[in-house]
Amino acid sequence: MSSVAATPASDPHALHGAGHRAGLDAGWSGPPSKRIITGYGFWIFILSDIVMFSAFFATYAVLHGQTAGGPSGHDLFDLRNVAIETALLLASSFTCGLASIAADLRSAIWFQLAMAVTCILGLGFLGLEGHEFTALVARGAGPTRSAFLSSFFTLVGCHGLHVSAGILWLLTMMAQVFAKGFRPDIQRRILCFALFWHALDIIWIAVFTIVYLLGSAA
Amino acid sequence: MSSGHDEADREFDLAPGDEHAESFSQRMVGYLAGLGLAILLTATSFFVAGTDLVWQPSIPVALVVLAIAQMGVHLVFFLHITTGPDNTNNVLALAFGVLIVVLVMGGSLWIMANLNHNMMPMDQIMQMQR
């Protein structure tokens, strides 16, 4: 029942504030590690991001019939293209998981390889989405055409912006691991990046179901 | 009980995204199982959306159920959100997020459908304004 008050010496950024109170409560195992605090804080951010997306989803669900005499989802959506996008993003989520295993094993080569594959798959997704958007605008179905298309471009475009930001973050992490190695603070950033990338794939599940599959059926 | 700090953390809390220290092969099996289930559910979604084999009005419900199932698969196998005691805080935060999402989406659809139902058709409003 002693020695539980020990604070982690390996991590210089760990919180020390309440460490001396440990003796008062034998069941208290000391302040949580910086990794738990950082990861939990980022988890809260991801959940708030999902709440923001839920507002866009609600907007789309309310407006998807308001086509103002223009084309509806059934006329516009190409499900083959969406299936390829889904496959790319799912595969990138898997390789991102492989990258976090490699980071825990401190294998720089496998980490860089898995992150590079994740990056290529993410860029392929963005390329297909950009191609879809430009094709829609070219045939007169841009965001100004109807309330349905405004909400479509806002929702899917916002997800695309998140993927773009994720790819910039991904490249930053590759560079940081290359330059600084697997330091504890770099490992925490890799944890947060993996959370972000997997969360983007979860949001894409809602996008392809609500926007494309349900939208093209109606 | 004289465990080190890292071990004590592992016993009581786990960062979201982290999983219990397992062997390399166990973790690989976890990600592969998640990938397999996700492919299965996605393929089913795309198949159900375009098929004539099932009763048509059931398709939207089936798609929503498949999507929620796949989100669960991603949460468990990729984000490692589990029901274990080391995950209580992560699950509680997730539960609150889900509550807000359900309120925002369900509330918006409910209110807008109700307004739509009670509003006079647009051409009649236009006539009254003349």
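Just so it is clear, none of the values below were taken in a lab; they were calculated from the coordinates. Quantities reported herein were computed from a predicted structural model and do not represent experimental measurements. Glycine gets a Cβ as well: all are built from the backbone with ideal geometry, and neighbour counts include every protein chain shown.
Data table
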quantity: Lys, Arg +1 and Asp, Glu -1 on Cβ, resulting dipole of chain B about Cα centre, debye, nearest 20; calculated: 760
quantity: Length added when fully stretched, A:ALA68-A:LYS180, from 0.36 nm per residue minus Cα-Cα; calculated: 34.8 nm
quantity: For peptides B:99-112, A:201-214, B:52-65, sequence by mean Cβ density within 10 Å, most packed first; calculated: A:201-214, B:99-112, B:52-65
quantity: Dipole axis of the stretch A:132-218 (+1 Lys, Arg; -1 Asp, Glu on Cβ), positive-most option in A:GLY181, A:ALA199, A:ILE210; calculated: A:GLY181
quantity: Tilt relative to chain A, helix A:108-138 - C-alpha long axis, 0 to 90 degrees, to 10; calculated: 20
quantity: Cβ-Cβ FRET estimate between A:HIS131 and A:ALA217, R0 fixed at 30 Å, reported to 0.05; calculated: 0.80
quantity: Rounded tilt (10° steps) of A:184-206 against the dominant C-alpha axis of chain A; calculated: 30
quantity: Kirkwood hydrodynamic radius (C-alpha pairs) into Stokes-Einstein, chain B, 25 °C and 0.890 mPa s, D in µm²/s; calculated: 129
quantity: Net length gained if the chain between A:LEU171 and A:ALA108 were fully extended (0.36 nm per residue, minus Cα distance); calculated: 21.3 nm
quantity: Spin-label model distance (nm) - B:VAL61 vs B:MET128, 7 Å beyond Cα toward Cβ; calculated: 3.7
quantity: ³J(HN,Hα) computed for each position of the stretch A:149-155 - Karplus, 6.51 cos²θ - 1.76 cosθ + 1.60, integer Hz, glycine/proline x; calculated: 6, 4, 5, 4, 5, 5, 5
quantity: Nearest 10 degrees, 0 to 90: helix B:24-50 Cα axis against chain B principal axis; calculated: 10
quantity: Derived scalar couplings ³J(HN,Hα) [the stretch B:86-95; Karplus, 6.51 cos²θ - 1.76 cosθ + 1.60; whole Hz; x for Gly, Pro]; calculated: 6, 10, 4, 5, 5, 5, 5, 4, 4, 4
